[in-house]
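To start, the structure itself, in structure tokens.
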Amino acid sequence: MKSQAKAQINNNASIRGRLSKYSPLYAPFLTPGSRGQPVRDVQAVLQWLGFYNGAIDGIYGPRTATAVATFQRSHRLVGDGRVGALTWQALRSDIPPVRRRRSNR
């Protein structure tokens, strides 16, 4: 059980780290046809949250757009399939904080 909890902490840190570099106000506006690391990061987070099951390839295609729209609707946002400031904020706030246990050493 301890190793499972440690793996969960590492996984949360990895996913949180993917989005920590994007301020919702200054993050790139992503639409179908967008490519690159921001798209890979969104795909990875959506996959971790259970909304996306395609390849994490950095290509904003129909599967990514559908996953984004489904995520948006689940957060009472307009499900337009585009990642703007409100969607970035929702993605960032949906990842639980990383809680590290304090050692008594």
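The values are calculated or read from the model by the stated rules, or taken from the named source; none is laboratory data. Just so we're clear, the structure is a prediction, and the values are computed from it rather than from any experiment. Ideal geometry is used to build each Cβ from the backbone, glycine not excepted, and the neighbour counts take in all protein chains shown.
Structure values in brief
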quantity	calculated
Failed condition for Leu77, given (1) surrounded by fewer than 17 Cβ atoms within 10 Å (Cβ to Cβ); (2) at positive phi	(2)
Qualifying positions in region 77-93 - in contact with a Phe, Trp or Tyr (Cβ under 8 Å, 6 or more places away or on another chain), of a type outside the set (A, V, I, L, M, F, W, C) and under 18 Å from Ser14 (Cβ atoms)	Arg92
Region 34-56 residues that are at positive phi, paired with ones that are at pLDDT 95 or above (beta carbon under 8 Å, 6 or more apart)	Gly36/Gly58
Matching residues, region 25-62, being in contact with a helix residue (DSSP H, G or I) (Cβ under 9 Å, 6 or more places away or on another chain) and among the basic types (Lys, Arg)	Arg40
Failed item in (1) part of a helix (DSSP H, G or I); (2) at pLDDT 95 or above, with Tyr52 passing the rest	(1)
Identity of the residue in region 59-84, in a helix (DSSP H, G or I) and among the β-branched types (Val, Ile, Thr), that ends up farthest from Arg40 (Cα to Cα)	Thr70
Options Arg105, Arg100: the member that is farther than 21 Å from Ser14 by Cα, loosely packed, with under 13 Cβ neighbours inside 10 Å and modelled with pLDDT under 95	Arg105
Residue check, Gln8 at pLDDT 95 or above, on the phi < 0 side of the Ramachandran plot and either touching a Lys or Arg at 6+ places or on another chain (Cβ under 7 Å) or of a type outside the set (D, E, K, R) (or both)	no
Residue selected from region 20-38 under the condition surrounded by fewer than 21 Cβ atoms within 10 Å (Cβ to Cβ) and of a type in the set (A, V, I, L, M, F, W, C), by the criterion farthest from Arg82 (Cα to Cα)	Leu25
